[in-house]
Amino acid sequence: MTKDPETISLPGPMPGDPPLAVRLRRSARARRVSLKVSRLDGAVTLTLPARAPLRGALDFLEERRDWLSAAVAGLEGPLAVAPGLVLPVEGQGLTLTPAAVRAARIEGEALLVPAGRPAAAALAFLKLRARDRLAQRVARHSAALGRPAGKLTLRDTRSRWGSCTASGDLMFNWRLILAPPPILDYVAAHEVAHLAQMNHSPAFWAEVARLFPAHREARRWLKAEGAALHRYRFGPA
């Protein structure tokens, strides 16, 4: 049996455009051929069932060429965090502004940062603020649930916004501080609810609804807008 290529190179939509690399993957769980463009880095993946013929997948890819070109063209690229950038902080756009300050702070519609290390100072500010806000919301929700939470840690994961271990330790993505406050609050409530229900059963969602009634709206926001929070690149931490 001929081995599948790892990637397929498609010519760019216009003469002179660079070719587009399409990653090919087979999945035992896939029931049909699907095409996905990552909003995080623009990577294109063509997924097909384990036993599906490659020729059919390539025909599907060719049929979707116009859609794929439009999808890739519509992506917004990464944003380097630098002076002048408008950075969302708890949903409010703040202009990153070098100033004679020792640590980052908000002043009006500006996030003032030390002139010599603007990106690093902004990152430290955001992580500290994220920890503070998440600790407050976790404390409130765990008290309402009647279950104590364990250790709180922050990471920069792309696959999830939070997690809860069997021992009650909670992990959150610090980039939640870039979203409007109700979004961070929802994720805190979601993970705290796992202290009572370590699953996603109806009983779990009943706990989430009790802690955060507007959870459906928050989930829709994360699905539509969450990937954009990963656009901001702070360079070496």
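The values are calculated or read from the model by the stated rules, or taken from the named source; none is laboratory data. Source: prediction; values computed, not measured. Heads up, the Cβs are rebuilt from the backbone with ideal geometry, glycines too, and the neighbour counts pull from every protein chain shown. Heads up: the accessible areas ignore ligands, DNA and RNA and are worked out on the full protein's heavy atoms, side chains in. Shrake-Rupley method; radii C 1.70, N 1.55, O 1.52, S 1.80 Å.
General observations
- Within segment 141-159, the set of residues being surrounded by fewer than 16 Cβ atoms within 10 Å (Cβ to Cβ) and either touching a residue at least 12 places away in the same chain (Cβ under 8 Å) or touching a strand residue (DSSP E or B) at 6+ places or on another chain (Cβ under 9 Å) (or both) comprises Ala144, Arg147, Pro148, Gly150, Lys151, Thr153, Arg155, Asp156, Thr157, Arg158.
- Among residues of segment 104-140, those that are buried (at least 20 other Cβ atoms within 10 Å of the Cβ) and farther than 30 Å from Leu211 by Cβ, counted: 8
- Matching residues in segment 77-103 - criterion: being without any contact (Cβ under 8 Å) to a residue 24 or more places away in the chain, open to solvent by 70 Å² or more (accessible area, probe 1.4 Å) and part of a loop (DSSP other than H, G, I, E, B): Ala100, Arg102
- Matching residues, segment 33-45, being at pLDDT below 90 and either touching a helix residue (DSSP H, G or I) at 6+ places or on another chain (Cβ under 9 Å) or not in a strand (DSSP E or B) (or both): Leu35, Val37, Ser38, Arg39, Leu40, Asp41, Gly42, Ala43, Val44
- Any hit, segment 175-191, residues being of a type in the set (Phe, Trp, Tyr) and outside any helix (DSSP H, G or I): no
- Selection of segment 160-174 for residues being open to solvent by 30 Å² or more (accessible area, probe 1.4 Å) and in a strand (DSSP E or B) yields an empty set.
- Looking across Leu126, Leu111, Leu134, one residue alone is in a strand (DSSP E or B), on the phi < 0 side of the Ramachandran plot, in contact (Cβ under 8 Å) with a residue 24 or more places away in the chain and not polar (S, T, N, Q). It is Leu111.
Here is a yes/no grid of residues against (1) modelled with pLDDT of 95 or more; (2) within 16 Å of the chain's Cα centre (by Cα); (3) under 29 Å from Gly42 (Cβ atoms); (4) not polar (S, T, N, Q):
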residue	(1), (2), (3), (4)
Leu111	yes, no, yes, yes
Leu126	yes, yes, yes, yes
Ala144	yes, no, no, yes
Leu170	yes, no, no, yes
Val192	yes, no, no, yes
Ala214	yes, no, no, yes
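- Index of the failed condition, Ala71 passing every other in (1) within 30 Å of Leu176 (Cβ to Cβ); (2) in a loop (DSSP other than H, G, I, E, B): (2)
- Residues in segment 160-179 that are small (Gly, Ala, Ser) and touching a strand residue (DSSP E or B) at 6+ places or on another chain (Cβ under 6 Å): Gly162, Ser163.
- Those residues of segment 175-208 which are open to solvent by 30 Å² or more (accessible area, probe 1.4 Å) and among the charged types (D, E, K, R), in sequence order: Glu207
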